[in-house]
Amino acid sequence: MSENNNPFIKDVYVNREYSWLLFNMRVLGQAADPSNPLLERCKFLSIFHSNFDEFFMVRIGSLLNDAKINGDAKENKTDLTAKEQIEGILRLAKNSYRTADAVYVKLKKELAKNGLRIKTGAELSQKQYGKCREYFLSSVLPLLSPMVLDAKHPMIRFENMSEYMMFELTKSDRLMFGVMAISKKLPRMYRIDGGKKTTVITMEELIRTFGALAFDGYKIQNRAMLRLTRNADFDADIDDADIERDFDFSKFLKHKVELRGSQDAVRLQIDDGADGIKAFALKILNLKKQFCFTVKHAFDCKFLMSLSDHFSPDELPRLRFKQQKPLAPPVPADASVLESALKKDVFLAYPFDSMSTLVRLLDECADDPRVASVKITIYRLDHRSRIVEALKRASENGKDVTVVIELCARFDEENNLYFSEVLRDAGCTIIYGMGNYKVHSKIISVVLTDGENLRYITHLGTGNYNEQTSKLYTDLNIITSDPEIGADAVAFFRNIAICNTDHEYNRLLIAPKTLKSGLIRYIERETRKAENGDPAFITAKMNSLTDKTIIDKLIAAGNAGVTVKLIVRGICCLVPGVKGKTENISVISIVGRLLEHSRIYRFGSGDDAVTFISSADLMTRNTDKRVEIATPVLDKTIEKTLSAMLDIMLADNVKAKRLTSSGEYVSAETDGEPINSQEEFLRGAFKTGRSRR
């Protein structure tokens, strides 16, 4: 138990689930921040709710699984059992939802002031009511399938993340329940009227208001909209004893994905004031009251992402972030990316740079007669992937194309299954991964024949080969012709193919074998420097920090005198600034218009510095249970650029929040002019190597 009686904080450690809840509240904070344009604030509220949906499916689902398997087991930082974590998280989550409800009300008022009125059924005028009723009868009711539950009509299965309207009905003094699923073919909103002021109603509100018309001949006693969340944390590991020569992992995974919709319930969201329906739903779902959340407004806030459709083009600039074009490409459009990379390392920072440069490289590889092979790891792809088209063309042009595609990328399994079949049909060699390790690495290996010699082009990055997310996520990329990295890349794909995790690489740090030990080696290097009285520094940026072994090494480094500065967007299980324990460690989190996704690990300073970019966060799942890569930054110009980026982020006093010794996040101190690191990068500050610190 911590001094402030927060069971989720113990000494210098924070429970990962609690830390995630704090992160999602920082997202919600952006929805409430009046300095953000109105429609962007609406998007942040939608993201907050989407984050919670996944959190319940995955993290609560995982904890429930843990509670069943070994209820007495305690997590390694705060000594809480899975049950204790669940109980505390559910209480905090309900507080988070109440705060989100208040934010929704404010946004709705501001939208109305700006000409977009989102109405409930009770708020409709008589004329609007009549128009909505007519629309419901003509265009909505035919797509609904109402059912009265009795012996001849057994209980339907409530699908994961789908909405249902339930009614308490009476007929001939007999009480029963009616239910109907809300068809996904229905539009999310109905536009009632337009002009200078537009009025809309959400589909769920429309059905709340008029759904009873589907039960002709019955008296309606009560009604409630509900949505069920099911456990999506399934285990896709394969026991070696189950593998036969003709075993097809893709078929195995398809079966697992299909089971996702029928796993145990982990959350029920329901309208307020329908106690009878709530009790009935909890009973048939075998769900305790603590997993039930009363919803005052929208169940699914994704409609907030598309509100720009209801404003004129003239109004949008003041309601959204200023649209930014990518910076000038590092390789001019009329120059060869392949030839440029053979001469000098090429650096790309998304979304400030476009992914088009990388697509151009793959297109050139497809046509260049010197290219013998192209090998790539794929985790998440755009649904209309130009990367896939380039790989198909390379294979059709006679190149040896190998694609390691991770079928277990959560919620992208079906997309990856589809692309694995498309690429296989094009002649590519498809590998689904390595044993029970997820392949999360971001690497492309190109081998060129140059007479009797071989040359290499290797791409290493921190983010997925996804053209859409590259416009929204901050990620770093290096395209290099370094022969040692090239040889390591070739060996990496060879080892993936033969399921060998024990290979020793010259340059690359690769999990699960050497990434963790390699980074610890540099942490210990800085620790020894500090113990000898020399200046010592560790600066790292990541999405999450949960690996206790690494946390303890960072604490030891700080206690030895190393200055440790961490930029952790999401989960951080280390409490900085604790007197006598973590005083030399600082942590900030940056949540802004772009999703911070890059990972940078920098040890030392000046000529002594060693910098890595990586696909891996410092989480146990990444360091011990996945195939991840960290690559050293060899080019001094790129290293200086990364140093400037870290400096600018550490100086952020607009979007950065500082983690305090109490385990809470507070606004960064404002010293001088305001610095928004993401806006600085959009203007290309890092290209000039300009530091604002």
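Apart from one condition, K565 fits all of (1) under 23 Å from T474 (Cβ atoms); (2) at pLDDT below 95; (3) not aliphatic (A, V, I, L, M); the exception is (2). Could you please give the count of residues in segment 72-110 that are out of contact with any helix residue (DSSP H, G or I) (no Cβ under 9 Å at 6 or more places or on another chain) and among the acidic types (D, E)? So the count comes out to 4. With the structure loaded, tell me whether V591 is among the aliphatic types (A, V, I, L, M) and open to solvent by 30 Å² or more (accessible area, probe 1.4 Å) or whether it fails that test. Spelling it out, it is not the case that V591 is among the aliphatic types (A, V, I, L, M) and open to solvent by 30 Å² or more (accessible area, probe 1.4 Å). Summed over segment 140-175, the residues that are surrounded by 15 or more Cβ atoms within 10 Å (Cβ to Cβ) and either touching a residue at least 60 places away in the same chain (Cβ under 8 Å) or within 20 Å of D275 (Cα to Cα) (or both) give a count of 18. Residues that are within 19 Å of I538 (Cβ to Cβ), in contact (Cβ under 8 Å) with a residue 40 or more places away in the chain, surrounded by fewer than 22 Cβ atoms within 10 Å (Cβ to Cβ) and out of contact with any Phe, Trp or Tyr (no Cβ under 9 Å at 6 or more places or on another chain) within segment 620-645 comprise K640, S643, listed in sequence order.
Filtered by the rule that a residue be under 21 Å from L659 (Cα atoms), of a type outside the set (K, R) and open to solvent by less than 10 Å² (accessible area, probe 1.4 Å), segment 597-617 gives S598, I600, Y601, D617. Scan segment 473-508 for residues that are closer than 23 Å to V610 by Cα and either in a helix (DSSP H, G or I) or open to solvent by 60 Å² or more (accessible area, probe 1.4 Å) (or both) and the total you get is 11. Scanning segment 388-425 for residues that are of a type in the set (S, T, Y) and without any contact (Cβ under 8 Å) to a residue 12 or more places away in the chain turns up just one, Y418. Here E84 meets each of (1) under 25 Å from the mean Cα position of the chain (by Cα); (2) part of a helix (DSSP H, G or I); (3) over 24 Å from P187 (Cα atoms) with one exception, condition (1).
Meeting the requirement of 1 or more residues that are at pLDDT 95 or above and charged (D, E, K, R), the strands (runs of 3 or more DSSP E) wholly within segment 611-686 are 626-632, 656-659.
What do you reckon, is R569 within 30 Å of the chain's Cα centre (by Cα) and crowded, with 17+ Cβ neighbours inside 10 Å? The answer is yes for R569.
S517 fulfils the conditions (1) within 16 Å of N622 (Cβ to Cβ); (2) among the hydroxyl-bearing types (S, T, Y); (3) in contact (Cβ under 8 Å) with a residue 60 or more places away in the chain except for a single criterion, (3).
Summed over segment 426-446, the residues that are at negative phi, touching a residue at least 60 places away in the same chain (Cβ under 8 Å) and open to solvent by less than 20 Å² (accessible area, probe 1.4 Å) give a count of 9.
For segment 52-90, a residue qualifies if it is within 23 Å of K302 (Cα to Cα) and open to solvent by less than 40 Å² (accessible area, probe 1.4 Å), and the qualifying residues are F52, D53, F55, F56, M57, V58, I60, G61, L90. Of all the listed residues (I89, I60), the sole one being part of a helix (DSSP H, G or I) and touching an Asp or Glu at 6+ places or on another chain (Cβ under 6 Å) is I89.
Looking only at segment 660-674, residues that are touching a residue at least 24 places away in the same chain (Cβ under 8 Å) and open to solvent by 10 Å² or more (accessible area, probe 1.4 Å) come to 6 in all. Among the conditions (1) open to solvent by less than 10 Å² (accessible area, probe 1.4 Å); (2) small (G, A, S); (3) within 23 Å of the chain's Cα centre (by Cα), G518 misses just one, which is (3). Of the strands (runs of 3 or more DSSP E) entirely within segment 334-427, those holding at least 2 residues that are of a type in the set (S, T, Y) occupy 371-378. All conditions but one from (1) within 23 Å of L319 (Cβ to Cβ); (2) surrounded by 15 or more Cβ atoms within 10 Å (Cβ to Cβ); (3) of a type in the set (K, R) apply to R133; the one that does not is (1). Determine if segment 326-337 includes at least one residue that is out of contact with any helix residue (DSSP H, G or I) (no Cβ under 7 Å at 6 or more places or on another chain) and surrounded by 14 or more Cβ atoms within 10 Å (Cβ to Cβ). Yes: segment 326-337 contains one or more residues that are out of contact with any helix residue (DSSP H, G or I) (no Cβ under 7 Å at 6 or more places or on another chain) and surrounded by 14 or more Cβ atoms within 10 Å (Cβ to Cβ).
Restricting attention to segment 372-387, and to residues there that are buried (at least 22 other Cβ atoms within 10 Å of the Cβ) and more than 22 Å from the chain's Cα centre (by Cα), which single residue is farthest from A232 (Cα to Cα)? Looking at residues that are buried (at least 22 other Cβ atoms within 10 Å of the Cβ) and more than 22 Å from the chain's Cα centre (by Cα), I get V374. Scanning segment 277-309 for residues that are under 23 Å from Y104 (Cβ atoms) and free of Cβ contacts under 8 Å to residues at least 60 places away in the same chain yields a total of 4.
Out of the residues in segment 22-32 meeting the condition of being open to solvent by less than 10 Å² (accessible area, probe 1.4 Å) and more than 15 Å from the chain's Cα centre (by Cα), tell me which one is farthest from N95 (Cα to Cα). Of everything passing the filter in segment 22-32, A31 is farthest from N95 (Cα to Cα). The residue that is least open to solvent (accessible area, probe 1.4 Å), among those in segment 288-319 that are among the charged types (D, E, K, R) and more than 22 Å from the chain's Cα centre (by Cα), is E315.
A single entry from A530, A536, A560 fulfils the requirement of being open to solvent by 20 Å² or more (accessible area, probe 1.4 Å) and touching a Ser or Thr at 6+ places or on another chain (Cβ under 9 Å): A560.
All of (1) open to solvent by 40 Å² or more (accessible area, probe 1.4 Å); (2) under 21 Å from Y665 (Cβ atoms); (3) part of a loop (DSSP other than H, G, I, E, B); (4) in contact with a strand residue (DSSP E or B) (Cβ under 8 Å, 6 or more places away or on another chain) hold for S35 with one exception: (4).
Taking Q126, is it modelled with pLDDT of 95 or more, polar (S, T, N, Q) and open to solvent by 70 Å² or more (accessible area, probe 1.4 Å)? Yes: the conditions hold for Q126. In this structure, is K185 open to solvent by 70 Å² or more (accessible area, probe 1.4 Å), in contact with a Leu (Cβ under 9 Å, 6 or more places away or on another chain), part of a loop (DSSP other than H, G, I, E, B) and over 25 Å from L282 (Cβ atoms)? So K185 fits the description; yes.
I'd like to check something: does segment 459-472 contain any residue that is open to solvent by 10 Å² or more (accessible area, probe 1.4 Å), in contact with a strand residue (DSSP E or B) (Cβ under 8 Å, 6 or more places away or on another chain) and over 30 Å from Q324 (Cα atoms)? Among the residues of segment 459-472, not one is open to solvent by 10 Å² or more (accessible area, probe 1.4 Å), in contact with a strand residue (DSSP E or B) (Cβ under 8 Å, 6 or more places away or on another chain) and over 30 Å from Q324 (Cα atoms), which makes the answer no.
The values are calculated or read from the model by the stated rules, or taken from the named source; none is laboratory data. Note that this is a predicted model, so its numbers are computed, not measured. For neighbour counting, all protein chains shown are included, and Cβ atoms are generated from backbone atoms with ideal geometry for every residue, glycine included. With ligands, DNA and RNA removed, areas are computed over all heavy atoms of the protein, side chains included. Shrake-Rupley method; radii C 1.70, N 1.55, O 1.52, S 1.80 Å.
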